[in-house]
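Every number here is computed from the coordinates shown, using simple stated rules; none is lab data. All values derive from a computational prediction rather than experimental measurement. Quick reminder, even Gly has a Cβ in these numbers, built from the backbone with ideal geometry, and neighbours come from all protein chains shown.
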Amino acid sequence: MPTLAELRPGQVGRVEALRGDPALVQRLYEIGVLEGDTVEVLGFAPLGDPVEIRVGNTRLSLRNAEAASISVQLV
Amino acid sequence: MFNALSGLRQHVGNYPGVTVEMSKGHFTHAGTDFELIDLPGTYSLAPRSPDEMVAVDLLLGRRPEEQRPRVVLSIVDASNLDRHLYLTTQLLELGVPVVVAVNMIDVAEAQGVTIDCARIAEETGLRVVPIQANRRIGFDALKDALVAASKDTAGQNGPQLPEPVEREVAALKAELNGDVPTFLARRLLLDVDGHTETWLVGKHGLRLKQQLTEARTRLAAEGCSIPGIEAKTRYAWVRSITAKAVTKPATRPVTGTDRLDRILTHRLWGTLIFLAIMFGVFQAIFVGAEPLMGLIDDGVSWLADGVKEALPSGPVRSLLADGVIGGVGGVLVFLPQIVILFGFIAVLEQCGYMARAAFLMDKLMSRCGLSGKSFIPLLSSVACAIPGIMATRVIENPRDRLATILVAPLMSCSARLPVYALLIGAFLTDGFAWWVPGVTLFGMYMIGFVAAPLVALALKRTLLKGGTPLFVMELPAYRMPTLLGVVRRMADAGWAFVRRAGTFILASMIVVWALLYFPDRDAGGRFEERVAELKESGDDAAANHLQAEWKRQSVLGRVGQALEPVFAPLGWDWRIGVAALASFPAREVIVGTLGIIYEVGEVDDDEGEESLRGAIRSEWSGDPVRGKYPVAVALSVMVFFALCCQCASTLAVIRRETRSWAWPAFTFVYMTGLAYVGGVATFQIGRIITDMFQG
């Protein structure tokens with residue numbers, strides 16, 4: 001199963017699981033990245049990191065290492 | 001929003017041990033007097049740092065400075081309702097009436113989203129008021145709701161965590177003998193490695209840690225794994241309500257933010273626009289502030305001259321004119337840069353661009369252990385470290401913020417420029433290729449650009465060691481900044497600087513003034529009078545000579561001479577040493593001090609500077625060390641000034657921002673050490689190279 005960091009700009013994934021640093025996972029949950037939600041990758045910063053994503057109406061910037069803790073199912 | 005409710009009657013609440021500021025304000029409505037405390041914005045009441053803990057403690061009435069709040073006002077953003085109501089569900093557990101203000105209904109409506117506030121109120125039992133903070137719409141209804149809620153007793157329903165979770169919470173609370181309220185017992189269980197855990201495990205011992213791990217394992221086995229269970233429970237509740245109260249278009253319309261973001265975070269266009277904006281900001285602080293700074297300078301000289309004319313010669317006059325007025329001027333002169341930078345920061349933050357700037361610069365800054373949010377503070381420090389350090393407030397992570405504060409003074413600020421200009425003009429212009437002055441100046445700026453990231457990296461690997469901070473950052477929707485908000489931010493920053501840093505800067509300037517003034521007489525009488533007499537008789541050379549003699553025998557002059565062995569490895573004599581010592585409160589005074597020590601009198605125009613250059617050149621040429629290695633010595637002085645923290649204002653601002661004397665002391669010591677080592681290395685290497693060429 002790919003992680004969010006492996007998606008290309010414009011691709012949309014459904015969140016399957018969050019795992020990794022408890023503080024990071026908790027923050028993602030708090031911000032509203034929950035299992036079953038769809039996430040769109042909007043683009044990457046000039047040096048390829050971080051990544052900009054959209055969950056619902058919220059835009060987030062995550063480092064690739066952080067995006068790698070979100071495993072997704074491509075839709 | 002806070003400003004709109006409390007108007008101009010507000011002040012900053014100080015809480016010991018906290019670096020964040022919380023504003024307090026007042027308003028009266030329907031005969032009820034309200035005191036309002038503005039807590040820092042947050043996603044959740046799960047404290048991860050002492051600062052966040054203070055907000056939770058305030059809400060729980062656990063801070064000695066404040067009573068427990070009677071009402072909590074939760075402002076939620078209509079275009080991000082679910083996420084904001086998540087925080088509201090946590091507020092419901094405080095046991096205090098909660099009023100919900102749904103802000104920016106208009107923005108949501110523009111996106112085709114309608115929100116039925118009455119329905120939310122019905123479902124939750126809360127008072128829910130639609131408002132538009134920027135246009136002050138709905139404020140009366142909101143204030144009515146606050147008055148009514150302050151008389152409420154109970155009757156709010158929030159989400160209930162599953163029974164196994166609450167059972168473990170109750171067990172933990174009992175274990176702690178009622179030391180903490182249920183709210184904190186819940187945080188202890190739910191926030192893995194959070195602040196509540198660190199604090200209580202530190203207090204009650206490692207057995208608690210063991211119990212926590214066991215409780216979490218039990219819960220995971222029962223299908224309530226932490227931290228997921230909290231978010232799932234709360235969001236399920238929130239979404240069940242918004243499903244009834246919110247109608248959205250079937251497909252999400254493309255918003256202005258979508259279109260703007262496509263350009264502004266674009267790899268190429270986004271970067272170019274970012275560079276253009278940064279150039280504009282930089283140019284404005286560097287160049288735009290200049291006329292205002294010149295005006296302040298002129299005003300200060302005018303005032304000092306007035307005092308000199310009005311009072312009889314003596315220590316009092318000199319103290320007032322050179323110490324106090326000069327010191328006040330030294331504080332005020334920073335204001336234009338601070339106010340201009342904060343104007344830009346306010347605009348960039350309010351319109352939502354700040355987060356994009358951090359996004360674009362993050363990778364670059366992460367190489368030195370910082371994040372994209374450190375970029376603007378560090379860039380601003382190239383104009384002046386003081387607004388730069390104040391701008392670090394945009395960095396939430398305390399370790400990143402501290403690292404940025406500590407390295408910001410290494411960036412070559414505009415006050416270093418006169419030193420570079422003087423020495424490059426004297427020793428690296430005549431007889432050198434046309435590009436040498438420019439390259440040397442560029443090199444001096446590069447020292448800061450290289451040293452700051454290296455020191456930041458070293459700090460993050462040693463003193464400020466810790467896990468990589470989260471960079472999960474929201475990129476807010478773009479919106480127009482408000483004039484009032486921007487002006488207020490500028491005024492706050494300027495006023496905060498004058499009030500908190502002013503006294504320290506003034507005091508240090510007066511100390512150095514005294515050290516250079518006393519003793520003010522020798523066997524021949526008072527220096528000041530004799531210098532004035534010589535000047536009046538037209539013998540400027542004798543006057544300048546006597547003034548130099550005065551400074552040489554002053555306390556600071558004597559210290560400089562005693563320290564000559566310390567300066568020797570730098571290639572300096574006591575004259576340069578005294579000038580460097582005298583410029584510790586404000587590095588830009590070195591030019592004036594050198595003028596006095598090298599007997600050219602006051603240096604206040606180009607002609608004065610040219611004669612100072614000549615005087616330094618001729619003085620050095622007669623000296624065995626400086627005559628042989630003038631370039632090495634000049635470079636050693638410049639490198640020293642590039643790396644040294646010769647700025648009382650910077651130290652005062654670091655003290656203010658870190659709320660501790662330890663960090664300014666640390667900055668002073670490490671930078672002075674670095675400057676000395678750098679200066680010695682420059683001189684010694686320069687000497688070897690000179691010897692090679694001449695040998």
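Only loop residues by DSSP count here, and only those with at most 15 other Cβ atoms within 10 Å; note down the GluC sites (Glu not before Pro) in region B:22-75 that meet that.
The qualifying sites are B:Glu65.
Subtract the Cα-Cα distance of B:Ala4 and B:Ala221 from 0.36 nm times their separation in residues, and report this length gain in nm to one decimal.
Answer, rounded to one decimal: 73.2 nm.
According to the Cα gyration tensor, what semi-axes, each the square root of 5 times an eigenvalue, does the equivalent ellipsoid of region B:491-637 have, listed from largest to smallest in whole Å?
26, 22, 16
I'd like the mean, over residues of A:50-58, of how many other protein chain beta carbons sit within 10 Å of each residue's own Cβ.
Partner Cβ neighbours, averaged per residue: 6.
Given the -39500 (n - 2.57) contribution per DSSP H run of 4+ residues, what per-residue ellipticity at 222 nm results for chain B, rounded to the nearest 500 deg cm²/dmol?
Mean residue ellipticity, 222 nm, calculated: -19500 deg cm²/dmol.
Considering only C-alpha atoms, what is the centroid distance from region B:217-266 to region A:10-60, in Å?
11
With a Förster radius of 22 Å, plug the Cβ-Cβ distance of B:Ala681 and B:Tyr445 into 1/(1 + (r/R0)^6) and report the FRET value to the nearest 0.05.
0.75
Hey, for a label at B:Glu474 modelled as a point 7 Å past Cα toward Cβ, could you say which residues of region A:1-45 have their backbone N under 13 Å away?
In region A:1-45, the label zone of B:Glu474 (backbone N under 13 Å from the point 7 Å along Cα→Cβ) covers A:28, A:30-33.
Just add up the charged neighbours of B:Leu260: K/R +1, D/E -1, any other residue whose Cβ is under 12 Å from the Cβ of B:Leu260.
So the environment of B:Leu260 carries a net charge of +3.
Residue by residue, what Karplus-based ³J(HN,Hα) values in Hz, rounded to whole numbers, does region B:59-64 have, using 6.51, -1.76 and 1.60 with θ = phi - 60° and x for Gly and Pro?
Each residue's phi maps through the Karplus curve to give 5, 8, x, 9, 9, x Hz.
Using only Cα atoms, find the angle between the long axis of helix B:648-658 and the longest principal axis of chain B, and express it within 0 to 90 degrees, rounded to the nearest 10.
With rounding to tens, the tilt is 20 degrees.
Which whole number gives the average count of other chain Cβ atoms within 10 Å of the Cβ atoms across peptide A:16-28?
Per-residue shielding by partner chains comes out at 5.
Could you tell me the calculated FRET efficiency between B:Phe518 and B:Leu563, based on Cβ-Cβ distance and R0 = 25 angstrom, to the nearest 0.05?
0.85
Within region B:150-268, how many lysine pairs that are 8 or more places apart, or on different chains, have C-alpha atoms less than 28 Å apart?
Within region B:150-268, the lysine pair count is 6.
Find the centroid of the Cα atoms in region B:374-396 and in region B:58-129, then give the distance between the two in whole Å.
33
When the dipole is taken about the Cα centre of region B:81-152, and only Lys, Arg (+1) and Asp, Glu (-1) are charged at their Cβ, what size is it in debye, to the nearest 20?
For this selection, approximately 240 debye.
By how many nm would the segment from B:Arg461 to B:Thr672 grow when fully extended, if each residue of separation counts as 0.36 nm and the alpha-carbon distance is taken off?
73.9 nm
Which of rounded, prolate, oblate describes region B:296-438, given a ≥ b ≥ c as roots of the alpha-carbon gyration tensor eigenvalues and a/c under 1.5 marking rounded, otherwise prolate only if a/b is larger than b/c?
Oblate.
Compare the peptides B:78-90, B:640-652 by average per-residue count of other Cβ atoms within 10 angstrom and give them in order, highest first.
Final packing ranking: B:640-652, B:78-90.
Along the charge dipole of region B:573-695, which of B:Ala681, B:Tyr598, B:Val625 sits closest to the positive end, that is, farthest toward it, with unit charges on the beta carbon of Lys, Arg, Asp and Glu (+1, +1, -1, -1)?
Among B:Ala681, B:Tyr598, B:Val625, the one farthest towards the positive end of the dipole of region B:573-695 is B:Ala681.
Return the equivalent ellipsoid semi-axes of the protein assembly as shown as a descending list in whole Å, where each equals the square root of 5 times an eigenvalue of the C-alpha gyration tensor.
57, 29, 25
Along the Cα→Cβ direction, 7 angstrom out, place labels at B:Ala171 and B:Arg526. What is the inter-label distance in nm?
Using points 7 Å along Cα→Cβ, the separation is 8.3 nm.
With a cap of 13 neighbouring Cβ atoms within 10 Å, and only residues DSSP puts in a loop, list the chymotrypsin sites (Phe, Trp or Tyr not before Pro) found in region B:381-489.
Those satisfying the criteria are B:Trp434, B:Trp435.
Which Cα, out of B:Thr233, B:Val128, B:Pro249, lies furthest along the positive dipole direction of chain B (beta carbon charges, K/R +1, D/E -1)?
Checking the options against the dipole of chain B, the answer is B:Thr233.
So which aspartates and glutamates can B:Lys24 reach, going by Cα to Cα under 13 Å and dropping same-chain residues fewer than 8 places off?
B:Lys24 reaches B:Glu35, B:Asp38, B:Glu65, B:Glu66.
Shielding of B:353-359 by partners, i.e. mean partner chain Cβ atoms within 10 Å per residue?
Partner-chain Cβ atoms within 10 Å, mean over residues of B:353-359: 3.
Would you kindly state how much longer the chain becomes between B:Glu607 and B:Leu417 on full extension, computed as 0.36 nm times their sequence separation minus their alpha carbon distance, in nm to one decimal?
66.6 nm
At R0 = 45 Å, how high is the FRET efficiency between B:Thr153 and B:Thr213 if r is their beta carbon distance? Nearest 0.05 is fine.
Efficiency for this residue pair is about 0.70.
Given the rule -39500 (n - 2.57) for each run of at least 4 DSSP H residues, summed and divided by the residues of chain A, what is its mean residue ellipticity at 222 nm, to the nearest 500 deg cm²/dmol?
-4500 deg cm²/dmol
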